[in-house]
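A.B. asks: Here's a structure for you.
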Amino acid sequence: MLPNGTCTRLPRGAGSDSGGSDSGDSGGSDSGGSDSGGSDSGGGGDGGASEEAAGGMDSGGRNSSGAPNSTLSESQGSAILISFIYSVVCLVGLCGNSMVIYVILRYAKMKTATNIYILNLAIADELLMLSVPFLVTSTLLHHWPFGSLLCRLVLSVDAINMFTSIYCLTVLSVDRYIAVVHPIKAARYRRPTVAKMVNLGVWVLSILIILPIIIFSNTAANSDGTVACNMLMPEPTQRWLVVFVVYTFLMGFLLPVVAICLCYILIIAKMRMVALKAGWQQRKRSERKITLMVMMVVMVFVICWMPFYIVQLVNVFVEQDDATISQLSVILGYANSCANPILYGFLSDNFKRSFQRLLCLSWMDNAAEEPIDYYATALKSRAYSVEDFPPDNLESGSMYRNGTCTSRITTL
C-alpha cells in the first residue's frame, strides 16, 4: 500500500504515467484520440491507468479537462470524503500509537520483551501516520506538489510499514510460542536486549525488501500538467509488475501469516495439553480467552490486509480495477495501524492501567496502581513447565496454581 494508490496500481500507473506523459506530450491527441469518443478522453489511455495509479489523486485534474461538471463534482466530493476518512485514521493512529510508545518508555515495568516488540510495531505505525497528511493533500489537489525527494521518502515509509508491521506480528507470535511451548528456554531468549536486536533485524530486513520501491519511486508529469508520485517500473512494465506484486504478496502477507497461524496452532495445542495435565478449574475459561485473543490478532490483520492483496492480484492478472474497491482496500490497510494499539494495548491489563494513568483516569479499575509486569515476574521466579512438578503437587494445585505457570499462561 503506497500513498498514491496501492502496490500494484503504483507500478501499473507509473508505467502508464511514464508512457502517458511521453505519449501525452509527444502525442497527447493520440492518447486522447484512442479514446476520443467519450467524455473521458482526458482519462483515455493515459488517464485511465494513471487515475488508478494515483488512487484518484490526479484523476480529478484530468477528468476536469473533458468531463461534465457533474462528474467533476462527484470526483471532488469523493476526494473530500476519502481525505476525511484518512484524516480520522491519522488522528486515531497518531494518538493511539503515541500512547503505546509513551507508556512503554515511561514505566520501567513495561519494558518487557513482548512490549519491546509492541513498541517496534507502534513506531512503524506512527511513521506511517506521519505520511498520511501528504496523502490527504495530494488527494484534495489531485496533484503531488512536494517534489521528487519527498515522493520517494513517503512511498518508502509507507512500504516499510507494510513489511515491518507484519514482521513485528510474526515476531510477537514466535515470542508467544516460546513463552508457552518452550518455557524453559524463554528465560534465555525472551529478554529486552534480545528483543531490541530482533527489532533491529526486522527493520534491516524490511529495508532490504523494499529496495525496489526506493529505487523506482519518482514523480511523473501527466498530460494535463499535474504531477503524480508513483513507481516508475522499467520495461517490460507488465512483466516487472507481475513479479513485484507476487513478490510483495509472498513476502509481505502469505508467508508471515502462515508462520503466525502455525505458532498459534502450536500454542493452542500446548495449552490444551497443559490444561488437561494440570486439571485447572478454569480450564474452559482460559481456553476461550486465549482462543479469542488468537482470533483477534490473526483475524483483524487478515481482515485489514486480505482485501488489499486480493485487489492487487486481480488488477494484475485480470486487469480489472474498480476505483471504489481499490480505495476501500487501501483505507483498510491504513486502518490496521489504528487497530494495533487496541489489539496489543487495550486487551492487556497492564496497558489499560498505563493508559488510565496517562489520561488521569485514576478512578477506573484502580488505575493509580503501577503496571504489573507479569512476564518479568514469571521469568524472575523461574520458567517452570508442567513436567517440573510432581504429580502430588499437580493434584493439590497448591504449587502449580500459585506458581509462575499460572501467571504466565493466564496473562497471554
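A.B. asks: Between a first residue in region 328-347 that is of a type in the set (Val, Ile, Thr) and a second residue that is modelled with pLDDT under 90, which pairs have beta carbons less than 6 Å apart while being 6 or more apart in sequence or on different chains?
C.D. replies: Partner pairs satisfying both residue conditions: Val330/Met1; Val330/Thr6.
A.B. asks: Still on this structure, please answer the following. Among the residues of region 189-245, what is the count of those that are more than 30 Å from Ile118 (Cβ to Cβ), hydroxyl-bearing (Ser, Thr, Tyr) and out of contact with any strand residue (DSSP E or B) (no Cβ under 7 Å at 6 or more places or on another chain)?
C.D. replies: Qualifying residue count for the region: 3.
A.B. asks: Right, next: Hand me the list of helices (runs of 4 or more DSSP H) wholly inside region 160-251 holding 2 or more residues that are under 18 Å from the mean Cα position of the chain (by Cα).
C.D. replies: Result: 192-209, 237-249.
A.B. asks: Please state which one of Ser138, Ser131, Ser148 is buried (at least 24 other Cβ atoms within 10 Å of the Cβ) and not aliphatic (A, V, I, L, M).
C.D. replies: Unique residue meeting the criteria: Ser138.
A.B. asks: Just a yes or no: is a residue in region 180-200 among the small types (Gly, Ala, Ser) and under 22 Å from Ser131 (Cα atoms)?
C.D. replies: No, region 180-200 has no match at all.
A.B. asks: For region 223-250, name all the residues that are out of contact with any Phe, Trp or Tyr (no Cβ under 8 Å at 6 or more places or on another chain), surrounded by fewer than 20 Cβ atoms within 10 Å (Cβ to Cβ) and not basic (Lys, Arg).
C.D. replies: Scanning region 223-250 gives Gly225, Glu235, Pro236, Thr237, Gln238, Trp240, Val243, Val246, Tyr247, Leu250.
A.B. asks: Please state which one of Pro192, Pro212 is of a type outside the set (A, V, I, L, M, F, W, C), surrounded by fewer than 21 Cβ atoms within 10 Å (Cβ to Cβ) and within 25 Å of Tyr107 (Cα to Cα).
C.D. replies: The conditions single out Pro192.
A.B. asks: Also, quick follow-up: If a residue must be under 24 Å from Val194 (Cα atoms) and of a type in the set (A, V, I, L, M), how many such residues does region 90-143 contain?
C.D. replies: So the answer is 17.
The values are calculated or read from the model by the stated rules, or taken from the named source; none is laboratory data. From a predicted model like this one, the values you see are computed outputs, not experimental measurements. Cβ coordinates were reconstructed from backbone atoms using ideal geometry, including for glycine residues, and neighbour counts include every protein chain displayed.
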